[in-house]
1. For segment 135-165, name all the residues that are hydroxyl-bearing (S, T, Y), in contact with a helix residue (DSSP H, G or I) (Cβ under 9 Å, 6 or more places away or on another chain) and crowded, with 20+ Cβ neighbours inside 10 Å.
2. Please give the number of the condition Y4 fails out of (1) of a type in the set (S, T, Y); (2) out of contact with any helix residue (DSSP H, G or I) (no Cβ under 7 Å at 6 or more places or on another chain); (3) in a loop (DSSP other than H, G, I, E, B); (4) open to solvent by 30 Å² or more (accessible area, probe 1.4 Å).
3. Output the qualifying pairs, or none if there are none: Cβ atoms under 6 angstrom, residues six or more apart or on different chains, first residue in segment 291-314 and under 27 Å from N191 (Cβ atoms), second residue open to solvent by less than 40 Å² (accessible area, probe 1.4 Å) and modelled with pLDDT under 95.
4. Might you check whether a residue that is hydrophobic (A, V, I, L, M, F, W, C), within 14 Å of F111 (Cβ to Cβ) and touching a residue at least 12 places away in the same chain (Cβ under 8 Å) occurs anywhere in segment 49-71?
5. Would you confirm whether any residue within segment 249-263 is exposed (fewer than 13 other Cβ atoms within 10 Å of the Cβ), free of Cβ contacts under 8 Å to residues at least 40 places away in the same chain and of a type outside the set (A, V, I, L, M, F, W, C)?
6. Does segment 111-128 contain at least one residue that is open to solvent by less than 50 Å² (accessible area, probe 1.4 Å), in contact with a helix residue (DSSP H, G or I) (Cβ under 8 Å, 6 or more places away or on another chain) and touching a residue at least 24 places away in the same chain (Cβ under 8 Å)?
7. Go through (1) farther than 17 Å from P113 by Cβ; (2) touching a residue at least 24 places away in the same chain (Cβ under 8 Å); (3) open to solvent by less than 20 Å² (accessible area, probe 1.4 Å) and name the single condition W33 misses.
8. Give segment 202-225 a look and list any residue that's open to solvent by less than 30 Å² (accessible area, probe 1.4 Å) and among the small types (G, A, S), or say none.
Amino acid sequence: MSDYVRNLWYLAAWDHEVPEGGMLSRRLLDETWLIASLSDGTYAMMADRCPHRFVPLSMGRLEGDVIHCAYHGLGFDRTGACVHNPFPAPAPAHVRARTVPVVHRHCGLWFWPGDPERADPALIPDFAFVERESMQRSRLVIQGHYELVTDNLMDLTHAEFLHVTSFGVNGSIFSGRHSVTTDESGAIWNNWDMESVMPPMWAAPMLREGDRVDQWLHMRWHAPASMALTVGLSRAGTGRAEMVVPQMVNPHIITPETRTSSHYFYDHEATPEAEALARQVFVEEDEPMIEAAQAALGQEDFWEARPAILETDAGAIRARRRLMQLRRAEAKAAA
């Protein structure tokens, strides 16, 4: 059974990563793909491998919306059809580069690696909030299976231990109310709600000594690993009306690079301080733990390793089970 569910939308890149009128090569789902920015503002996505002698098409050039291979000059259009032959003969109709549907939405380029007839853009999760001004969109690669990264994000109790100086919630999660729900879109929500608790250290300067707060951490998950985190902090007893800081919503979107490495797409305020804080949380704190877990597992299957399951793992386990169901359904349909 494939490690990947094919009939889903995955984020390939933020739009700014592909130069206008240019190309980007990226490893996704264990294959190397080429994304091209076309003259009409749309994009094409195809295997970064010429079907003639298999060299990367990204070594060539994009000219007039046709990608020309650097090796023998064959040219491919947005559909993958060979439309240019530099030699005195018609373009060979039997030569075609493999393509996948790609859609530009929410500042990102989303691709569908499964049946193209089922690629409905309406199924792309709602990340409209990403289009905010004054935000910087970033990406890093973590050497861990994408579900290990999801586990980390879907169980935010680790913030009390790993993010004490950055994202910590000052012990409030230990007395918080935990719930896991599913909404009409199919999203799984892993929510923590803490009422009348001590404020996190980073918020203390904005409050009077002894003030209590209501705090909430809500993580939304769509398969395969597209998550959005909502963080709220209000003065206690105000029904969340008196916010200490504006409610924050940020994307945490994971796309497999390989079976043991993942692209992590996120955003933050476009300031050096916010960029440094994001790198502290993701690179210095989360990444070493995820990579250590991956190294410990090696090639062993997560379930075969017989992980201990805690009550606080409910959201992550529900996401893993949803993916298992989707994999089985695709395997059954293909049989």
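The values are calculated or read from the model by the stated rules, or taken from the named source; none is laboratory data. None of the values given here were measured: they were computed from a predicted structure. For neighbour counting, all protein chains shown are included, and Cβ atoms are generated from backbone atoms with ideal geometry for every residue, glycine included. All accessible areas refer to the heavy atoms of the entire protein, side chains included, with ligands and DNA or RNA removed. Shrake-Rupley method; radii C 1.70, N 1.55, O 1.52, S 1.80 Å.
1. Initially, segment 135-165 is screened for residues hydroxyl-bearing (S, T, Y), giving 138, 146, 150, 157, 165.
Going one step further and asking which of them are in contact with a helix residue (DSSP H, G or I) (Cβ under 9 Å, 6 or more places away or on another chain), we end up with 138, 150, 157, 165.
Answer for segment 135-165, where residues must be hydroxyl-bearing (S, T, Y), in contact with a helix residue (DSSP H, G or I) (Cβ under 9 Å, 6 or more places away or on another chain) and crowded, with 20+ Cβ neighbours inside 10 Å: just T150.
2. So the condition that Y4 fails would be (4).
3. Between residues of segment 291-314 that are under 27 Å from N191 (Cβ atoms) and residues that are open to solvent by less than 40 Å² (accessible area, probe 1.4 Å) and modelled with pLDDT under 95, the close pairs are T312/D155; T312/T157; D313/D155.
4. Initially, segment 49-71 is screened for residues hydrophobic (A, V, I, L, M, F, W, C), giving 50, 54-55, 57, 59, 62, 66-67, 69-70.
Narrowing further to those that are within 14 Å of F111 (Cβ to Cβ): none.
Within segment 49-71 (the criterion being hydrophobic (A, V, I, L, M, F, W, C), within 14 Å of F111 (Cβ to Cβ) and touching a residue at least 12 places away in the same chain (Cβ under 8 Å)), the answer is no, since none of the residues qualifies.
5. Step one: of segment 249-263, the residues exposed (fewer than 13 other Cβ atoms within 10 Å of the Cβ) are none.
So far as segment 249-263 goes, no, none of its residues is exposed (fewer than 13 other Cβ atoms within 10 Å of the Cβ), free of Cβ contacts under 8 Å to residues at least 40 places away in the same chain and of a type outside the set (A, V, I, L, M, F, W, C).
6. Yes, segment 111-128 contains at least one residue that is open to solvent by less than 50 Å² (accessible area, probe 1.4 Å), in contact with a helix residue (DSSP H, G or I) (Cβ under 8 Å, 6 or more places away or on another chain) and touching a residue at least 24 places away in the same chain (Cβ under 8 Å).
7. (1)
8. Listed by number, the residues that qualify are A203, A223, A225.
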